[in-house]
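Asker: Here's a structure for you.
The values are calculated or read from the model by the stated rules, or taken from the named source; none is laboratory data. Predicted model only: the values in this text are computed from it and were never measured. Here the Cβ positions follow ideal geometry from the backbone for every residue, glycine too, while neighbour counts run over all protein chains shown.
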């Protein structure tokens with residue numbers, strides 16, 4: 001589940017070198033829009049494409065309004081811009097749809113499946129399985145998209161070097177628009193799954209922060225890294241809470257992933273699957 | 001015309017390396033200080049002191065600290081508020097547990113404690129850089145706040161985790177009104193800003209800037225990156241720590257660790273971006289902007305509400321505030337990526353020739 005959020009980050013980082021702080025807000029916005037549409041009498045299958053369209057339009061608008069004027073600015077400016085963007089989106093989402101906590105029912109039970117529990121003694125809910133399946137499907141399709149389509153290759157070229165990509169005739173702005181649209185799509189899927197699990201509320205934006213240790217564990221540029229990192233963080237934070245938590249008064253879930261990632265970085269500064277950074281003078 | 005340095009010759013090395021080399025600047029600075037120290041305390045209302053001036057000054061100090069780290073030494077940090085928290089809680093404990101300790105000494109102790117913590121969390125900067133480091137400082141942010149909340153000793157076993165700052169008393173004089181608190185904060189901020197200015201112009205500051213621009217190259221020309229980076233973390237955390245202590249003692253009075261959350265860290269980061277990265281002036285301009293903006297927006301919304309009878313719900317107003325805030329930040333980054341300090345520089349250039357531009 002963390003992997004999904006991290007995926008949104010990786011996607012944008014890979015393609016534009018922008019560290020997108022607003023991904024969490026995108027997730028929040030997507031989930032809220034979806035629930036809001038449902039409440040206005042849309043049925044599920046109508047609300048889904050409608051939200052998708054909203055997210056894609058939003059992604060395109062972000063590219064046009066925020067990022068295009070900031071081309072060639074230092075990375076920190078772009079980063080700050082996405083923080084500003086996240087404030088903006090949070091405000092917008094809550095004005096449009098209100099700030100109440102809503103439940104989101106995808107029609108999946110979040111209860112342990114009896115058959116699996118009997119066979120292996122492990123409690124796995126149908127919801128978790130579906131979530132895992134969706135995450136896996138998303139990852140596989142994105143991986144294929146990146147490595148086997150024209151657009152995917154153009155994306156990677158842009159990520160490597162903006163100017164060189166422009167020189168060989170890759171339309172930079174189109175590519176960025178696509179990336180943001182896809183990020184919007186990933187945000188939608190993430191928002192639905194997380195929203196169904198925890199309710200659609202403001203706290204969704206914090207999920208994005210949890211994605212950061214996932215990212216640095218896995219390496220910023222790596223899609224498989226995001227997945228493995230997500231698994232490690234998700235599992236370790238729960239394990240730490242259960243086994244270490246009682247000794248220190250609990251609540252360590254909040255910071256444990258960061259410290260874990262920090263310690264990890266001391267050993268491998270570029271993350272598990274990140275590209276080795278070679279620095280020249 | 002008015003602002004031209006023609007005819008001001010420097011006849012000694014001391015004059016040549018003065019902090020403000022131009023006479024007009026000196027006069028201007030003296031005027032600003034005079035206004036801040038004499039006119040404002042006489043004229044301002046208690047509301048102005050406690051809602052705008054004091055937080056503005058305190059947050060400038062924190063922004064100054066972060067600017068040393070991020071602007072001069074190039075280490076992006078998202079944990080400024082955590083170091084402020086360390087400073088505040090350390091000062092509280094110093095005053096609480098060492099009877100008769102002067103408050104100023106406790107503030108300095110809080111700052112030093114923050115510096116020590118800053119060095120510990122600065123250690124990863126030796127190996128990682130850029131956004132990886134930013135995430136590492138997030139670890140500091142969450143860990144420190146958790147620590148202060150969970151370990152009862154820091155809050156003197158208060159059940160709700162809240163500390164109430166003691167009275168500030170220096171040499172028998174109690175600083176309890178907004179006006180006196182303002183003067184105390186102002187004095188501390190001015191002194192520390194002066195120190196920061198001198199540090200950044202001197203040997204240390206040049207080392208930081210060399211490390212910021214290219215740390216491998218800096219190492220090659222004989223700068224020890226470890227020393228420079230850790231020093232930057234220590235000094236920056238010291239500033240943040242003192243600012244945090246003042247935030248608790250002179251502004252809030254009663255604080256919980258959650259007052260120093262990520263949101264505050266981000267706000268401080270905004271201040272230096274909007275004010276201008278790598279400038280001392282920028283920290284002040286930025287913090288003034290960030291402190292005043294929400295208040296101004298609030299008043300604007302209230303004004304529109306009253307005149308147009310829109311009946312804006314308070315939740316909508318606060319969200320609208322969030323939107324405008326985010327939007328303005330983006331706008332600023334697009335229009336003036338070098339911050340308000342750069343605008344001031346441009347103005348100075350224009351003023352040199354004004355009113356005869358040719």
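Asker: List the number of the failed condition for residue B:100; all other conditions in (1) in a loop (DSSP other than H, G, I, E, B); (2) surrounded by 13 or more Cβ atoms within 10 Å (Cβ to Cβ) hold.
Answerer: Going through the list (1) in a loop (DSSP other than H, G, I, E, B); (2) surrounded by 13 or more Cβ atoms within 10 Å (Cβ to Cβ), residue B:100 breaks only (2).
Asker: Here's a follow-up. I'd like to verify a number: residues in the range A:188-205 that are at pLDDT below 70 and either in a helix (DSSP H, G or I) or surrounded by 24 or more Cβ atoms within 10 Å (Cβ to Cβ) (or both), how many?
Answerer: Result for the range A:188-205: 5.
Asker: Just the residues that are more than 7 Å from chain B (Cβ to nearest Cβ) and modelled with pLDDT under 65, please, taken from the range A:62-110.
Answerer: Within the range A:62-110, A:100, A:101, A:102, A:103, A:104, A:105, A:106, A:107, A:108, A:109, A:110 qualify.
Asker: Any chance you could count how many residues in the range B:206-225 are away from chain A (no Cβ under 14 Å) and either touching a strand residue (DSSP E or B) at 6+ places or on another chain (Cβ under 9 Å) or in contact (Cβ under 8 Å) with a residue 40 or more places away in the chain (or both)?
Answerer: 2
Asker: Does residue A:59 satisfy being within 13 Å of residue A:186 (Cα to Cα) and more than 14 Å from every other protein chain (Cβ to nearest Cβ)?
Answerer: For residue A:59, the condition - within 13 Å of residue A:186 (Cα to Cα) and more than 14 Å from every other protein chain (Cβ to nearest Cβ) - is met.
Asker: Related question: Does residue B:229 meet the test of being in a helix (DSSP H, G or I) and in contact with a strand residue (DSSP E or B) (Cβ under 8 Å, 6 or more places away or on another chain)?
Answerer: When the stated conditions are applied, residue B:229 does not pass them.
Asker: May I ask you to list pairs of residues, at least six apart or on different chains, whose Cβ atoms are under 7 Å apart, with the first in the range B:120-133 being more than 8 Å from chain A (Cβ to nearest Cβ) and the second being surrounded by fewer than 16 Cβ atoms within 10 Å (Cβ to Cβ)?
Answerer: Short answer, once both residue conditions are applied: B:126/B:226.
Results for (1) out of contact with any helix residue (DSSP H, G or I) (no Cβ under 9 Å at 6 or more places or on another chain); (2) under 30 Å from residue B:52 (Cα atoms); (3) within 14 Å of chain A (Cβ to nearest Cβ), shown as yes or no for each residue.
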residue: B:138; (1), (2), (3): no, yes, yes
residue: B:141; (1), (2), (3): no, yes, yes
residue: B:147; (1), (2), (3): no, no, yes
residue: B:167; (1), (2), (3): no, yes, no
residue: B:178; (1), (2), (3): no, yes, no
residue: B:184; (1), (2), (3): no, yes, no
residue: B:191; (1), (2), (3): yes, yes, no
residue: B:204; (1), (2), (3): no, no, no
residue: B:231; (1), (2), (3): no, no, no
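Asker: Residues of the range A:144-171 being touching a residue at least 40 places away in the same chain (Cβ under 8 Å) and touching a helix residue (DSSP H, G or I) at 6+ places or on another chain (Cβ under 6 Å), which ones?
Answerer: Correct list: A:146, A:155, A:158, A:159.
Asker: Which helices (runs of 4 or more DSSP H) sit wholly inside the range B:121-214 and have at least 2 residues that are within 30 Å of residue B:45 (Cα to Cα)?
Answerer: Counting at least 2 such residues, we get B:178-201.
A quick yes/no check of all residues on (1) within 14 Å of chain A (Cβ to nearest Cβ); (2) within 15 Å of the chain's Cα centre (by Cα); (3) over 20 Å from residue B:115 (Cα atoms):
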{"residue": "B:254", "(1), (2), (3)": "no, no, yes"}
{"residue": "B:265", "(1), (2), (3)": "yes, yes, no"}
{"residue": "B:279", "(1), (2), (3)": "no, yes, yes"}
{"residue": "B:282", "(1), (2), (3)": "yes, yes, yes"}
{"residue": "B:289", "(1), (2), (3)": "yes, yes, yes"}
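Asker: Okay, next question. Please go through the range B:329-349 and pick out each residue that is surrounded by fewer than 20 Cβ atoms within 10 Å (Cβ to Cβ) and at the interface with another protein chain (Cβ under 8 Å from one of its Cβ atoms).
Answerer: B:334
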